[in-house]
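Structure record follows, encoded as structure tokens.
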């Protein structure tokens with residue numbers, strides 16, 4: 001999960017990885033730490049910038065960083 005906030009409040013994003021049958025190259029990704037740092041940085045930049053393309057203008061989007069699987073499941077259960 002990547003922890004994101006904008007003017008509307010908290011807006012966490014779940015990071016999903018395809019199962020083996022879809023993309024076996026990702027089998028080693030079991031937690032966020034398994035995703036290469038460069039890929040994590042690309043995701044962070046994407047989530048910080050993509051809302052600028054929306055009709056509703058957001059002045060600021062804050063990316064707090066990545067959270068572990070346990071935190072993501074807790075967020076889903078809420």
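Taken together, the values in this text are just the output of simple stated rules run on the coordinates, not laboratory data. From a predicted model like this one, the values you see are computed outputs, not experimental measurements. Cβ: placed from backbone, ideal geometry, glycine included. Neighbour counts: every protein chain shown.
Contact order normalised by length for region 2-77, with contacts defined as Cα pairs under 8 Å and 6 or more residues apart; what percent is it? Intermediate results must be reported in sequence, preceding the final value.
Details: 71 pairs, mean separation 32.6, N = 76.
Relative contact order for region 2-77 comes out at 43 percent.
Tell me, how many Å apart are the Cα centres for region 1-22 and for region 28-78?
Region 1-22 and region 28-78 have Cα centres separated by 5 Å.
Give me the one-decimal nm value for the distance between modelled label points at residue 74 and residue 54, 7 Å along each residue's Cα-to-Cβ direction.
2.5
What ranking do 48-58, 22-32 get when scored by the average of other Cβ atoms within 10 Å per residue, highest first? Walk me through the numbers on the way to the answer.
Values: 48-58: 10.3, 22-32: 12.0.
Output ranking for 48-58, 22-32: 22-32, 48-58.
With each pseudo-label sitting 7 Å past Cα toward Cβ, what's the residue 17-residue 37 distance in nm, one decimal?
Each label point lies 7 Å from its Cα, and together they span 1.8 nm.
Can you give the Rg to Rh ratio for the chain, taking only C-alpha atoms and Rh from Kirkwood?
On the way: Rg = 13.9 Å, Rh = 13.8 Å.
Reported Rg/Rh (Cα atoms, Kirkwood Rh): 1.01.
For the chain, what does -39500 (n - 2.57) per DSSP helix run (n ≥ 4), summed and divided by total residues, give at 222 nm, in deg cm²/dmol to the nearest 500? Can you show the working numbers first?
On the way: 2 runs with 22 residues, N = 78.
That comes out to -8500 deg cm²/dmol.
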